[in-house]
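Have a look at the structure below, then the notes.
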Amino acid sequence: MSAVEPVDTQAGAQQELPFAMVYGQAVMEMPLDLYIPPDALEVFLEAFEGPLDLLLYLIRKQNINILDIPVAEITRQYMGYVELMQSVRLELAAEYLVMAAMLAEIKSRMLLPRAESIEAEEDDPRAELIRRLQEYERFKAAAEGIDGLSRVGRDVVVPRLDAPEARARKLVPDVSLAELLMSMAEVLRRGDMFESHQVSREALSTRERMSDVLERLKGGGFVPFVELFTAEEGRLGVVVTFMAILELVKESLVELVQNEPFAPIHVRARAE
């Protein structure tokens, strides 16, 4: 068997890292006269948005059932966080101190001895705190879900492209011959509405016809009403004769006689 050669342990050892770099030079040991001013340390706590957020963080970190909170332990951790913030001279919001007072009250109420009858009647001192924590947890989960959605400007960029300049093109209307004829007929119809009418003087005179009727009634006998009309004169002659007879009746120059209903009407001149 061949002899085993010794291994150089120093060659395989990891090289020691410098403690700090000052002006490009490595510092391997911490100086004994190192002085750090109190104002040189700044602590930014952005993880908690309020006392409920801090309590929920402490509960979830230790896998504690939110319905059975160990108030004494949670109060101790919460007060440790508050004292840490005060030690580094961070400005505390009033709501953190209000929550600390609430935890102290719940802790004291749970430590006080109570009779079994009174304990059965009273509610759990932690009930209001548990309700607020559960409500805050639901809203926080909903806010995280909304924040995870894509946002325009953060996750999604909407492309924008200017449209090319469009040139207006005049389209020639497609009109059929039937439409032209219908439009022409409509124009003619409207033109007829404004056409002027000339009123011509009537060819027959009512006064002359009254004289003719009296001339035919000179004998004093009865003349049938229908015999006073001349069919050859047309509608105008009938109207003029009828108006002449009415005027004679109105002036009491003639009288109308009818023996029975629906019987023929006779006309005769009145005696002077």
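Be a star and scan the stretch 233-257 for residues whose amide nitrogen sits under 18 Å from the point 7 Å along the Cα-to-Cβ vector of ALA203.
So the set is 233-242.
Do any GluC sites (Glu not before Pro) in the stretch 211-256 lie in a DSSP loop with no more than 14 other beta carbon atoms within 10 Å, and if so, which? Intermediate results must be reported in sequence, preceding the final value.
Numbers: sites: GLU215, GLU227, GLU232, GLU233, GLU247, GLU251, GLU255; in loops: GLU251.
Passing both the DSSP loop test and the Cβ count: GLU251.
Mind listing the phi-derived Karplus ³J(HN,Hα) values for the stretch 264-269, rounded to whole Hz, using 6.51, -1.76 and 1.60 with θ = phi - 60°, and x for any glycine or proline?
Going residue by residue, I get x, 9, 10, 10, 9, 7 Hz, with x marking Gly and Pro.
Pull up the cross-link candidates among the lysines for LYS61, meaning alpha carbon to alpha carbon under 17 Å and not fewer than 8 places away within one chain.
Leaving aside lysines fewer than 8 places away in the same chain, those within reach of LYS61 are LYS140.
Suppose each label sits 7 Å from its Cα in the direction of the beta carbon; what would the ALA263-GLU73 distance come out to in nanometres?
13.5 nm
Amide H to amide H under 5 Å from VAL254: which residues, 5+ apart in sequence or cross-chain, H placed 1.01 Å off N in plane?
VAL249, ARG270
State, to one decimal in nm, how far the label point of PHE242 lies from the label point of GLU179, with both points 7 Å from Cα in the Cβ direction.
Modelled inter-label distance: 5.1 nm.
When N counts the residues of the stretch 206-269, how does its alpha-carbon radius of gyration compare numerically with 2.2 N^0.38 Å, as a ratio? Before the final figure, lay out each step's value.
Working: Rg = 11.4 Å, N = 64, 2.2 N^0.38 = 10.7 Å.
Relative to the rule-of-thumb radius for its length, the stretch 206-269 sits at 1.06.
Using only the alpha carbon atoms of the stretch 117-272, find the Kirkwood hydrodynamic radius as the inverse mean reciprocal pair distance, in angstroms to one decimal.
Result for the stretch 117-272 stands at 27.6 Å.
Relative to the Cα centre, what is the charge dipole magnitude of the stretch 206-269, using +1 at the beta carbon of each Lys and Arg, -1 at the beta carbon of each Asp and Glu, and rounding to the nearest 20 debye? The partial results should precede the final answer.
Values: 7 positive and 10 negative charges, 17 e Å.
Using only the charged Cβ atoms, the result is roughly 80 debye.
Between ARG190 and ARG154, take the C-beta separation as r, use R0 = 51 Å, and let me know the FRET efficiency to the nearest 0.05.
0.15
FYI, it's all coordinate maths here, none of it is from the lab. Given the structure is predicted, the values throughout are model-derived calculations rather than measurements. A quick note on method: Cβ atoms are made from the backbone with ideal geometry, for glycine too, and the neighbour counts reach across all protein chains shown.
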